[in-house]
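Q: Here it is, the structure in full.
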Amino acid sequence: MRLTSYTDYALRTLMFLALNRERLVTIGDIADAHQIAKNHLTKVVHQLGMLGFVETVRGRSGGLRLGREPADIRVGDVVRQTETDFYMASCFDQEAPRCMYSSSCELKGALARATHAYLEVLDGVTLAQMVAGQTAPQTADGIAPIELHFSRASA
C-alpha cells in the first residue's frame with residue numbers, strides 16, 4: 001500500500017512539531033523545511049487541527065504546536081484519518097460493477113486481512129518513536145528537512 005502525499009505531509013508536519021515543541025511553528029516553517037507548497041500544507045494542517053492532532057494559535061505571534069503528547073499519537077490513527085480510502089481493488093467499492101469472480105474469489109478477504117495487518121503495525125508506532133533520537137536540525141539558511149524514520153514498536 002502506498003500512502004498519499006497528503007498523509008506523507010501530515011506525518012512530516014507532526015514530526016516537525018514534535019521536534020520543535022519549545023516554540024510555535026508556522027506553516028511556512030514546515031513548507032520551507034520540506035519544500036512543500038504552503039497552500040497544500042494549509043489544508044493538511046487544517047484537518048490535523050480539526051482532528052486534535054495539532055493546536056493552532058492565532059494572532060501576530062501565533063503558529064502551530066502539537067495538540068497531544070507525541071506518545072499519544074499513533075501513526076495508524078493518522079493514516080486512517082488522512083487516507084481517503086483503503087480500496088485495494090475494485091471489489092472493495094460498493095458502487096463498482098459486481099466482479100464475475102466474486103462468488104468464489106478469496107482476494108477480497110486476503111486484501112482486507114493485509115490492510116488490517118498493515119494498520120495494526122502502524123498502530124504500534126507512535127510519533128514519539130518516530131522522532132526518538134532526532135533533534136530539530138538547523139542550517140544557516142533555515143530549518144533542514146527531516147527524514148522519516150520508523151522504529152519498530154516494542155511488543
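Q: Using only the alpha carbons of the range 5-143, determine the length spanned along each of the three principal axes and report them from longest to shortest in whole angstroms.
A: Largest to smallest, the principal-axis extents are 60, 30, 26 Å.
Q: Just to verify a number: FRET efficiency for GLN134 and ASP85, C-beta to C-beta distance, R0 = 35 Å, to 0.05?
A: 0.65
Q: Here is a follow-up. Ranked from highest to lowest mean number of other Cβ atoms within 10 Å per residue, what is the order of the peptides 11-23, 29-41?
A: 11-23, 29-41
Q: Going 7 Å from the Cα of ARG2 along its beta-carbon direction, which residues of the range 60-86 have the amide nitrogen within less than 19 Å of the resulting point?
A: Flagged as within label range: 79-80, 82-86.
Q: Give me the net charge of LEU41's neighbourhood, meaning all other residues with Cβ under 14 Å from the Cβ of LEU41; Lys, Arg count +1, Asp, Glu -1.
A: 0
Q: Something else about it: Give me, ordered by chain and number, the residues 5 or more places off LEU66 or on other chains with an amide H under 5 Å from its own placed amide H.
A: GLU55
Read-outs throughout are calculated quantities, based only on the coordinates presented, and are distinct from any laboratory measurement. What you are looking at is a predicted structure, and each value in this text was computed from that prediction instead of being measured. No Cβ is skipped: glycine too gets one built from the backbone with ideal geometry, and neighbour counts run over all protein chains shown.
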